[in-house]
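To start, the structure itself, in structure tokens.
Values quoted throughout were computed directly from the atomic coordinates according to the rules given, and no laboratory measurement underlies them. Keep in mind the model is a prediction, meaning the values are calculated, not measured. Cβ sites come from the backbone with ideal geometry, for glycine too, and all protein chains shown count toward neighbours.
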Amino acid sequence: MGTDFQSKRLCIRDMTAKDYDQWKIAQDSMLPAQNEFDDGPVKAPDRSRSFFRSMLLRRGRMTKSGLGVFLGVFDRKSGDYLGELHFALPIRRNIQSTRISYFICNHRWRNGYGLELLKAATAFGINKMQFNRIEAEIQPLNGPSIDLAIKAGYRFECIRKEAVFFERKWHDMNVYVALASDLGIRNRRPKF
Ligand SMILES: CC(C)(COP(=O)(O)OP(=O)(O)OC[C@H]1O[C@@H](n2cnc3c(N)ncnc32)[C@H](O)[C@@H]1OP(=O)(O)O)[C@@H](O)C(=O)NCCC(=O)NCCS
């Protein structure tokens, strides 16, 4: 199934080795990490073409092993690399759910790209990828991402206890959810 899609200003698509130049310009333009939820740019010594290629290969392997799809977010007009989107941990059959995560390069924040991306990705995930349920699992103190998810139509559902391991410990995560029924699609039969 194709996973490329567009919104008014954005093109969201699979990344290839040809995207290196745009990716590198963005890494060189980004500010240092702006908060604890922002990774900031890739470290300068790792901004090489070979690092980029191995990152794409690693992601390709993760996609093949069922961990989801990684997509680049580009400006439709200029072709600039703006960020990334991940449909993670898809479960099909009678579950039809995925998790969604995203970032916008920090020198491009507050231009409405995050909201445009999340709205378009949610509609695409439900209408075209046929998920019944999309979960945004967000750290409880990540206010910008929580505000963004709510603006995009997600609802708080629960706290998932000890959901993710990083920085040497397990972290609770807030779960925000968008459902096919929110878009008027009820009881669609699973196809995959
Ligand atoms: C969260 C993130 C994607 C927002 O991207 P963005 O392009 O700046 O977002 P937008 O310009 O579309 O903002 C949409 C809304 O999100 C909220 N928001 C975005 N940045 C915010 C901030 N720094 N503080 C408070 N609210 C913020 C606001 O409600 C905003 O609406 P408004 O502009 O009308 O106030 C971006 O900050 C980011 O990549 N953060 C680091 C990675 C991350 O946290 N990813 C989410 C992991 S779950």
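Observations on the model:
- Alpha-carbon centroid distance for the pair region 89-103 / region 26-65, whole angstrom: 23
- Shape category assigned to region 57-147 from the gyration tensor of Cα positions, a/c cut at 1.5: prolate
- Additional length obtainable on full extension of the chain from SER48 to MET1, 0.36 nm per residue less Cα span: 13.8 nm
- 23 Å Cα-Cα threshold exceeded, pairs from LYS18/LYS64; LYS8/LYS128; LYS119/LYS161; LYS8/LYS43; LYS64/LYS151: LYS119/LYS161; LYS8/LYS43; LYS64/LYS151
- Estimated dipole of region 54-180 in Debye, rounded to 20 [Cβ of Lys and Arg +1, of Asp and Glu -1, Cα centre]: 400
- Hypothetical label at LEU141: residues of region 31-58 whose amide nitrogen lies under 13 Å (7 Å Cα-Cβ projection): 35-38
- Here the Gaussian network model covers the chain, with springs between Cα atoms less than 10 Å apart; of ARG99, ARG61, ARG53, ARG61 fluctuates the most.
- Derived scalar couplings ³J(HN,Hα) [region 81-92; Karplus, 6.51 cos²θ - 1.76 cosθ + 1.60; whole Hz; x for Gly, Pro]: 7, 10, x, 8, 9, 10, 8, 9, 6, x, 10, 9
- Taken along the Cα-to-beta-carbon direction at a fixed 7 Å, the label points for ARG160 and ALA33 span 2.2 nm.
- Annotation for region 131-187: GluC sites (Glu not before Pro) lying in DSSP loop with at most 16 further Cβ atoms inside 10 Å of their Cβ are GLU167.
- CYS158, CYS11, CYS105 arranged by Cβ crowding within 10 Å, fewest neighbours leading: CYS158, CYS11, CYS105
- DSSP bridge pairs, region 5-183: antiparallel proportion in percent, nearest 5: 90
- Theoretical ellipticity at 222 nm over the chain - DSSP helices of four or more residues, -39500 (n - 2.57) apiece, nearest 500: -8000 deg cm²/dmol
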